[in-house]
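I have a structure here, written as structure tokens, and I will follow up with some questions on it.
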Ligand code: HEC
């Protein structure tokens with residue numbers, strides 16, 4: 001046995017051929033099953049595209065580089081589950097372009113931060129993190145409260161996302177499909193032709209940044225943070241291994 005292995009190791013050509021065969025088998029075992037699973041991303045109730053206001057908030061999240069310190073993916077480990085909640089499902093980021101899973105956590109994971117704090121807490125924390133968490137090393141983002149929210153291109157942004165598969169509706173037919181899938185109220189918010197009205201209506205629906213008379217970037221970012229991880233009702237699913245920690 002030892003001898004024959006040595007004969008492979010000293011013969012580069014044979015080594016390459018055998019390596020390729022070994023890698024191909026490994027690749028096939030991983031890739032082939034994906035073609036036989038009906039839907040590689042399982043369908044999960046509740047997951048929907050972001051509303052225009054949330055989507056603008058998400059753009060600001062990306063612009064400000066929040067992802068350099070925050071991940072949005074809870075791994076299926078006991079400690080993560082206890083700290084952040086149910087592990088992230090693939091379906092939860094299926095409308096995220098680009099996804100925000102991240103690779104580094106200088107701050108905590110944000111995948112389920114929605115409704116963990118009040119709007120007022122988020123506004124104050126983003127403007128000056130140390131005013132609510134004295135030991136925080138997160139930067140201040142005071143300009144979010146000063147900048148008016150620019151939503152003039154929101155319809156174009158939704159059209160661009162539609163190209164990559166997010167079901168914002170452009171035609172009556174698509175709108176009706178969304179009514180079936182997400183309900184009438186949500187279908188309105190996902191309609192490209194009503195994008196600006198929807199954005200303004202949602203901005204007025206809650207006191208996001210503490211001042212209803214102005215529409216700021218803070219309004220959009222807080223609306224986005226408050227929806228993270230809230231779309232799926234895990235009390236319906238969470239019966240397995242982790243149920244004891246609920
Ligand atoms: C330099 C790294 C860094 C950047 C950049 C950063 N954060 Fe943080 N963030 C932290 C740290 C550290 C904490 C934990 C301390 C605290 O709560 O302030 C935190 C906490 C938070 C929390 C509270 C999470 C929880 O569960 O308690 C939220 C929400 C948050 N950040 C949002 C943001 C947003 C939105 C941005 C971009 C505008 C951002 N962060 C940018 C480091 C960062």
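The values are calculated or read from the model by the stated rules, or taken from the named source; none is laboratory data. Everything numeric here is computed off the predicted structure, so don't read it as measured data. In this analysis, Cβ positions are derived from the backbone assuming ideal geometry, glycine residues included, and neighbour counts consider all displayed protein chains.
Does residue 24 count as out of contact with any helix residue (DSSP H, G or I) (no Cβ under 8 Å at 6 or more places or on another chain) and in the same structural domain as residue 154 (by TED's automatic domain parsing)?
no
If only one of 174, 188, 197 is in the same structural domain as residue 114 (by TED's automatic domain parsing), at pLDDT 95 or above, assigned to a helix (DSSP H, G or I) and surrounded by fewer than 15 Cβ atoms within 10 Å (Cβ to Cβ), which one is it?
197
Then there's this: Of (1) buried (at least 16 other Cβ atoms within 10 Å of the Cβ); (2) in contact with a helix residue (DSSP H, G or I) (Cβ under 6 Å, 6 or more places away or on another chain); (3) free of Cβ contacts under 8 Å to residues at least 60 places away in the same chain, residue 66 satisfies all except one. Which?
So the condition that residue 66 fails would be (2).
Evaluate the following for residue 106: is it assigned by TED's automatic domain parsing to the domain that holds residue 227, within 12 Å of the ligand (Cβ to nearest atom) and under 15 Å from the mean Cα position of the chain (by Cα)?
Judged against the criteria, residue 106 is not a match.
Next question. Would you mind finding the one in 12, 22, 91 that is at negative phi and touching a residue at least 12 places away in the same chain (Cβ under 8 Å)?
After ruling out the rest, the residue left standing is 91.
Each row is one residue, and each column tells you yes or no for (1) in a loop (DSSP other than H, G, I, E, B); (2) in contact with a helix residue (DSSP H, G or I) (Cβ under 7 Å, 6 or more places away or on another chain); (3) modelled with pLDDT of 95 or more.
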position: 109; (1), (2), (3): yes, yes, yes
position: 117; (1), (2), (3): yes, no, yes
position: 130; (1), (2), (3): no, no, yes
position: 140; (1), (2), (3): yes, yes, yes
position: 152; (1), (2), (3): yes, no, yes
position: 156; (1), (2), (3): no, no, yes
position: 160; (1), (2), (3): no, no, yes
